[in-house]
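Here the structure comes first, spelled out in structure tokens, and everything after it is commentary.
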Amino acid sequence: MIKKFALSTFPIFYFLILTSEIYPQFNFYSAYQIIYDDNIYNNYLNSSDLINNLQLGSAYNFESEVNNLQFYYEGVFGDYKTNKIKSFNSHKIGFVNTHLFSEDFNPLNAGINYTFRNNRDEFELYDFRQLSAYINYRQSIKETNFLLSGYIFQRNEYTNFSVFSNYEHKAFIKWISNFESQTSLMLSSEFDYKSYFDKYNFEGYANEGSFIKLHLNIGQSFSENTGGNIFLIYRKNLTDKSRYVVNDSLIYYEEEIFNDLYAFDSFDAGIGFTKIIGDEVKVSSEIRYSGRFFNSLFATDLFGTELTDLRKDDQISFGIGVEYDLEKLINGLILSATFNYIRNKSNDFYYDYSNQIFSISVDYGF
């Protein structure tokens, strides 16, 4: 899918003694996005809505020639026109730092942030709190090669679903090579592990989860303003247990409530394309196949009755986006539009659906 990215900040927090002159700087970012989604719940019911989405971000930097320390805030406010109960607001505050070790700009990054999301009415069940800390380092090798490795810790708390609250650890390593043929190669591997706050001694009930992910991306520049890429992503779940809650004899699995990444094996493959027209317009598109094979979640019929087969999803998605830089009119102003189409085929009748999403965005930052 084509996605919009909000305020970019280095994920960094690193204590050190600064020996060069410091230049304080303030940054601000805002974005307004209107979205029409014809299937907001991604299921066979096809509930549609018009969503107004406002993003605000600010940062204060203490910058020197080799170091940047940043304090920042990011907020998102989503309002659903018809399904008002899905309206929400989320907030992130943090401080981040990066330090450059050489003329090749080898950066060591570290950061801490706190995120909380508030929902309305029945959806308050999904209120979320997260404390995150992370560190990563990128090393240049022979100018055209880069090695990036890092670690992320997260404390994920669901205030009204404490049974799913967990500690999460992520470690990754990534290799990037650039060739004279204007080809780039990226190989990465990642290991994710989570441990739940509350432990239970029930057969088949998970107290922890883990998976590994492998990612290959090959990019090719066809001309100065045209490029494409292909990618493969494989995720292998290392556990075969699930967390769930029971209500009125019905079972609600964590994957169904929070789209849990630890519940399935998956394989993704796709092709992307980017074209820059003049100095102002960028067109990008992507087509992707995603297959998900659930390890302990059985498919059900529309009445919630479990079937004999484990759930399996085959998904095809397509996205296209156009971005127009209005710098000549107002510096820092960008207008963009995206369209995404998803077709998810599943042996679970509830998750056999299609989805179309249209959006228009105005971004401004300085």
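In the chain, with Lys and Arg counted as +1 and Asp and Glu as -1 at Cβ, which of these residues, 169, 364, 102, has the Cα nearest the positive end of the dipole, that is, farthest along it?
102
Residue by residue through the stretch 197-208, which ³J(HN,Hα) values in whole Hz follow from phi under the Karplus form 6.51 cos²θ - 1.76 cosθ + 1.60 (θ = phi - 60°), with glycine and proline marked x?
Result, ordered by residue: 4, 9, 10, 9, 9, 10, 5, x, 9, 7, 9, 7 Hz.
Could you run the Karplus curve 6.51 cos²θ - 1.76 cosθ + 1.60 with θ = phi - 60° over the stretch 296-310 and give me ³J(HN,Hα) per residue in whole Hz, x for Gly and Pro?
9, 10, 7, 5, 10, 8, 5, 9, x, 7, 5, 9, 7, 9, 5
Picking from 354, 59, 221, whose Cα lies most toward the positive end of the charge dipole for the chain (charges on Cβ: Lys, Arg +1; Asp, Glu -1)?
Result: 221, furthest along the dipole toward the positive end.
Taking the Cα centre of the chain as origin, sum charge times position over the Cβ atoms of Lys and Arg (+1) and Asp and Glu (-1), and report the length of that vector in debye to the nearest 20.
Around 200 debye, computed over the chain.
Please give the Cα centre distance for the stretch 209-223 versus the stretch 280-341, rounded to the nearest Å.
Here the two parts' Cα centres lie 17 Å apart.
Taking the simple approach of a point 7 Å from Cα along Cα-to-Cβ for both residue 169 and residue 202, what is their distance in nm?
Placing both labels 7 Å along Cα→Cβ, they lie 2.6 nm apart.
In deg cm²/dmol and to the nearest 500, what is the mean residue ellipticity at 222 nm of the chain if only DSSP H runs of at least 4 residues count, each as -39500 (n - 2.57), divided by the residue total?
-500 deg cm²/dmol
Could you work out which residue, out of 199, 345, 275, moves most in a Gaussian network model of the chain, that is, has the largest mean-square fluctuation with Cα springs under 10 Å?
199
Which of the three applies to the stretch 302-345, rounded, prolate or oblate, going by the alpha-carbon gyration tensor with a ≥ b ≥ c and a/c under 1.5 meaning rounded?
prolate
Within the stretch 157-197, what residues put their amide N at less than 19 Å from the label point 7 Å along the Cα-to-Cβ vector of residue 142?
The answer is 174-188.
Report the extension gain between residue 303 and residue 221 in nm, rounded to one decimal, defined as 0.36 nm multiplied by the number of residues separating them, less their alpha carbon distance.
Result: 24.5 nm gained on full extension.
Set the Förster radius R0 to 45 Å, insert the Cβ-Cβ distance between residue 366 and residue 240 as r into 1/(1 + (r/R0)^6), and round the FRET efficiency to 0.05.
Here the calculated transfer efficiency is 0.35.
Could you check the spin-label model distance between residue 91 and residue 105? Points 7 Å from the Cα along Cα→Cβ, value in nm.
3.4 nm
How many nm is it between the label spots at residue 337 and residue 277, if each spot is 7 Å from the Cα in line with the beta carbon?
Between residue 337 and residue 277, the simple spin-label model gives 1.1 nm.
Over 26 Å between Cα atoms, which of 174/241; 86/194; 282/328 qualify?
Checking Cα-Cα distances, 174/241; 86/194 exceed 26 Å.
What ranking of 246, 96, 281 comes out by heavy-atom accessible area, probe 1.4 Å, highest first?
If we order 246, 96, 281 from most to least accessible, we get 246, 281, 96.
Quantify, in whole percent, the carbon and sulfur part of the accessible surface of the chain (1.4 Å probe; protein heavy atoms only).
That fraction is 59 percent.
At 1.4 Å probe radius, can you tell me the per residue accessible area of the stretch 32-365 in Å²?
Result: 53 Å² of accessible area for each residue.
Just want to confirm a number: the relative contact order over the chain, from Cα pairs under 8 angstrom separated by 6+ residues, in percent.
14 percent
Mind checking the log10 I(q)/I(0) for the stretch 32-365 at q = 0.09, 0.10, 0.13 Å⁻¹? Debye, one equal scatterer per Cα, no solvent, two decimals.
-0.61, -0.77, -1.43
If you put +1 on each Lys and Arg Cβ and -1 on each Asp and Glu Cβ, how big is the dipole of the stretch 136-241 around its Cα centre, in Debye rounded to 20?
120 debye
Can you work out ³J(HN,Hα) from phi for every residue in the stretch 260-271, in order, using Karplus 6.51 cos²θ - 1.76 cosθ + 1.60 and θ = phi - 60°, giving whole Hz and x for Gly and Pro?
Karplus-based 3J(HN,Hα) across the stretch 260-271 equals 5, 6, 8, 9, 8, 8, 8, 9, 10, 9, x, 10 Hz.
Assuming a ≥ b ≥ c are the square roots of the Cα gyration tensor eigenvalues, decide whether the stretch 45-94 counts as rounded (a/c under 1.5), prolate (otherwise, with a/b larger than b/c) or oblate.
Here the stretch 45-94 falls in the prolate category.
The values are calculated or read from the model by the stated rules, or taken from the named source; none is laboratory data. If you're wondering where the values come from, they're calculated on a predicted model, not measured in any experiment. Every residue, glycine among them, receives a Cβ derived from its backbone with ideal geometry; neighbour counts consider all protein chains shown. With ligands, DNA and RNA removed, areas are computed over all heavy atoms of the protein, side chains included. Shrake-Rupley method; radii C 1.70, N 1.55, O 1.52, S 1.80 Å.
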